[in-house]
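The block underneath contains the structure these notes are about, expressed in structure tokens.
The values are calculated or read from the model by the stated rules, or taken from the named source; none is laboratory data. What you are looking at is a predicted structure, and each value in this text was computed from that prediction instead of being measured. Here Cβ is always computed from backbone atoms with ideal geometry, including for glycine, and neighbour counts include all displayed protein chains.
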Amino acid sequence: MRSIHTRLLTLVVALLPLPLLMGGCSTNAATGKLQFNTMSRSQEVALGSQAMPGLIEGYGGEVQDERLRNYVSAIGMEVAQGVEEEYRDIPWEFTLLDSEVINAFALPGGKVFISRGLMERMTNESQLAGVLGHEIGHVTAEHADQQVSRQMVIQGIAVGAAMAASTQEDASWTSYGVPVLVGGAGLFNLKFGRDEESQADALGMRYMTRAGYNPRGMLGLMEILQEASGGGGGQPEFLSTHPLPQTRIDRIKQKLKNQYKAETADPSFITGELRFQQEILPMLRAYSHAQPAREFTQGELVLLASTERGCWCPACCGGGSD
Ligand SMILES: [Zn+2]
């Protein structure tokens, strides 16, 4: 499928007017890499806002406890302060999903989501900063945007998108983008590859460290995910398109030893164990216990199946319908 898409993309790109393509190509400020993204910032924000309600519903709604929601939001906003200048004006928003599945993902335009199922497995605040940083990294690296842009070119609607941009018709434009992002089960639909996941890990470590968190939190997070996925194994289809948790753990260990050696050993970079274990976790567990039992949504069932294959973030493992 992918190679046919690639060939189609090459063909369509070859047929598109040069100014449009040049308008879609730029160097990403977070990764320093050349990328193809036809979306303007206002279109990214509009797309994220349009896709958000359906996704929240797909994951069983938001956690109702305001203190927990505010806590996640506060940590997310701290980490988001560390993004590059170009992304400071993104209206960052952090949502705690009332779902037991282990999950986190982000939409273009700065909408970041984490499930209480994932948060309950954490032991300190720096792990939370790590996962939020990873998802912020997907946003600043514009991974989803690039996939939506590619899809639109494949579907031959990039010209229409460019026209919509010029007339500020963001709402009509998002009607193309939302189905690309959100699958039928109300799940985040995109799959990212090895390079994109490693990029998001690296950016997450950059942002959490700038916010004053010990970057070891990213390693702790990966170990939790590895344990949750039954030791890091997986089905062949997972292994073929996504890095093994062990590979990611090794890369993060490498970075901790080289790039972040000083920060890792410096006690002023916090782990935030006390507050998390004494205040936040008990509050979260009490909340979970107080919830009446409910059926998993269709989206959660799909994700539970993929979690068993060793996945956590649909963006990372492809939690879509296939
Ligand atoms: Zn990811």
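Only one entry in 175, 149 is at pLDDT 75 or above and farther than 30 Å from residue 124 by Cα, namely 149.
Of all the listed residues (321, 268), the sole one being loosely packed, with under 13 Cβ neighbours inside 10 Å, modelled with pLDDT of 95 or more, of a type in the set (Ser, Thr, Tyr) and not in a helix (DSSP H, G or I) is 268. Here is the figure for segment 178-210: residues that are over 15 Å from residue 82 (Cβ atoms), assigned to a helix (DSSP H, G or I) and within 14 Å of the ligand (Cβ to nearest atom) total 6. Please tell me if residue 74 is surrounded by fewer than 24 Cβ atoms within 10 Å (Cβ to Cβ) and either within 16 Å of the ligand (Cβ to nearest atom) or modelled with pLDDT under 80 (or both). No, not satisfied. Looking at segment 43-53, can you tell me whether even one residue there is closer than 22 Å to residue 146 by Cβ, modelled with pLDDT of 95 or more and more than 16 Å from the ligand (Cβ to nearest atom)? No; the residues of segment 43-53 include none that is closer than 22 Å to residue 146 by Cβ, modelled with pLDDT of 95 or more and more than 16 Å from the ligand (Cβ to nearest atom). All conditions in (1) touching a Lys or Arg at 6+ places or on another chain (Cβ under 8 Å); (2) surrounded by fewer than 20 Cβ atoms within 10 Å (Cβ to Cβ) hold for residue 96, with the sole exception of (2).
The single condition among (1) at pLDDT 95 or above; (2) surrounded by fewer than 21 Cβ atoms within 10 Å (Cβ to Cβ) that residue 232 does not meet is (1). In segment 111-139, of all residues being surrounded by 24 or more Cβ atoms within 10 Å (Cβ to Cβ) and among the small types (Gly, Ala, Ser), the one that is nearest to residue 286 (Cα to Cα) corresponds to 115.
For segment 91-107, enumerate the residues that are under 15 Å from the mean Cα position of the chain (by Cα) and of a type outside the set (S, T, N, Q).
92, 93, 94, 96, 97, 102, 104, 105, 106, 107
Note on segment 118-143: residues that are of a type in the set (Val, Ile, Thr) and more than 12 Å from the ligand (Cβ to nearest atom) total 2.
Restricting attention to segment 207-229, the residues that are modelled with pLDDT of 80 or more and of a type in the set (Gly, Ala, Ser) add up to 4.
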